[in-house]
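Down below is the structure, laid out as structure tokens.
The values are calculated or read from the model by the stated rules, or taken from the named source; none is laboratory data. What you are looking at is a predicted structure, and each value in this text was computed from that prediction instead of being measured. Cβ placement follows ideal geometry from the backbone for every residue including glycine, while neighbour counts extend to all protein chains displayed. Areas reflect the complete protein model, heavy atoms only, side chains present, ligands, DNA and RNA absent. Shrake-Rupley method; radii C 1.70, N 1.55, O 1.52, S 1.80 Å.
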Amino acid sequence: MMSVLGPAFVLLVGVTAVVVNFSLHKIDEGNVAVYYRGGALLEGMYAPGYHFMVPFLTSYRTVQVTLQTDEVTNVPCGTSGGVMIYFDRVEVVNILESSQVHIVVKKYTADYDRTLIFNKVHHELNQFCSSHTLQEVYIELFDRIDENLKSSLQVDLDKMAPGLHVQAVRVTKPKIPESIRKNYELMEAEKTKLLISVQKQKVVEKEAETERKRAVIEAQKKAEVASIEYEQRIMERESMKTMSSIEDQAHLAKIIASADAEFYAAQKEADANKLKLTPGYLEMKRYDAISKMAKVYYGPSIPNFMLELPQSLSAAANPDITSRSITEAPPSPSSETPPGHDAQNK
């Protein structure tokens, strides 16, 4: 009996291990799980963590509900001129709301991005290329392809799969035929040369403008300095003029004061002379002068003596008289002098 139970127990343990292995599974964070049984999608979703399912009858698929990047590679595109070009890689950054996962999976399967993004990228790029020339796609409108593709995708997704949002689109430069590419490279080289020459011209113009401004500033500086020096000279001349005027006024005042003093002294002297020079005083001074300056001659042959006045004094006393003779008595014998001699008495 024990020999029969041993293998059965081992078989039971083995079957249990296999069932647990196929029924227990893990859902990673950032994903949700949807379950299929017999190929039919079951209701509901399951959050991250460990879950059980009926092995061999039920299967599951995880759906990412965080930002993801879908890469569409080698997208062919024909321009309006018939030139075939290829976009190496188109990256579409998108996110699906977790609440809309079951609806989107039910409509478009768990590989919804194949239908809603990959195929739509091919369609939208071909629509864009077919309505534009190679020049526009490759050069002129290339910077608008990203935004145009994003807008077109989002418009269709809002109708077909609400909850699926396109965050950004990145498109690489398309591949074009080699002969055309070389022509574009030559054109770009010439355009670069033109841009360099234009930039050099701008640099020269800027340097000339800087030099002109420097010259204007220097001229303004010199003009301001000259104006300040001119005003300074004017102020100096005004100061000298004022000082000269003050000195002239002081000198004039000094002269006037001196003249007034002399005039006052002369006036006072004249007033004093008027009081002093009376007729009697003048007569006395006249006789005094006569007595001091008269000459008297003595001799036997001179019966009279003569008083001789200086011409200026006698003219001042009486202009008509230059000399006066005075008769006196004959001299006494005792006063006679020997003949031939005169005596002078001053």
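Structure notes:
- Local electrostatic count, Ala261, Cβ distance below 14 Å [Lys/Arg +1, Asp/Glu -1]: -1
- In a fully extended conformation the segment linking Asp271 and Val198 would gain 15.6 nm over its present Cα-Cα distance, using 0.36 nm per residue.
- log10 of Debye I(q)/I(0), alpha-carbon scatterers only, for the range 41-117 at 0.13, 0.25 Å⁻¹: -0.57, -1.23
- With eigenvalues of the C-alpha gyration tensor scaled by 5 and rooted, the range 116-178, Å: 24, 11, 10
- 12 Å beta-carbon shell around Leu41, net charge (K/R +1, D/E -1): +3
- FRET efficiency, Ile139 to Gln232 (Cβ-Cβ, R0 51 Å, nearest 0.05): 0.15
- Fully extending the segment from Ser245 to Lys182, taken as 0.36 nm per residue of separation minus the present Cα-Cα distance, adds 13.4 nm.
- Computed over the range 114-223, Kirkwood Rh from alpha-carbon pairs, angstrom: 18.4
- Arg37/Met160 FRET efficiency (R0 35 Å; Cβ-Cβ; nearest 0.05): 0.85
- For Val32, the shell of other residues with beta-carbons less than 11 Å away shows a net charge of -2, using +1 for Lys and Arg and -1 for Asp and Glu.
- When the charge dipole of the range 168-280 is built from unit charges on Cβ atoms (+1 for Lys and Arg, -1 for Asp and Glu) and taken about the Cα centre, the candidate among Ala272, Ile246, Ala168 whose Cα reaches farthest toward its positive end is Ala168.
- Here the range 61-184 is treated as a Stokes sphere of Kirkwood radius computed over C-alpha pairs; at 4 °C and 1.567 mPa s its diffusion coefficient rounds to 85 µm²/s.
- Cα→Cβ-extended label distance, 7 Å offset, between Tyr281 and Thr115, nm: 15.7
- Solvent-accessible area per residue, Å², over the range 207-256 with all protein chains present [probe radius 1.4 Å]: 94
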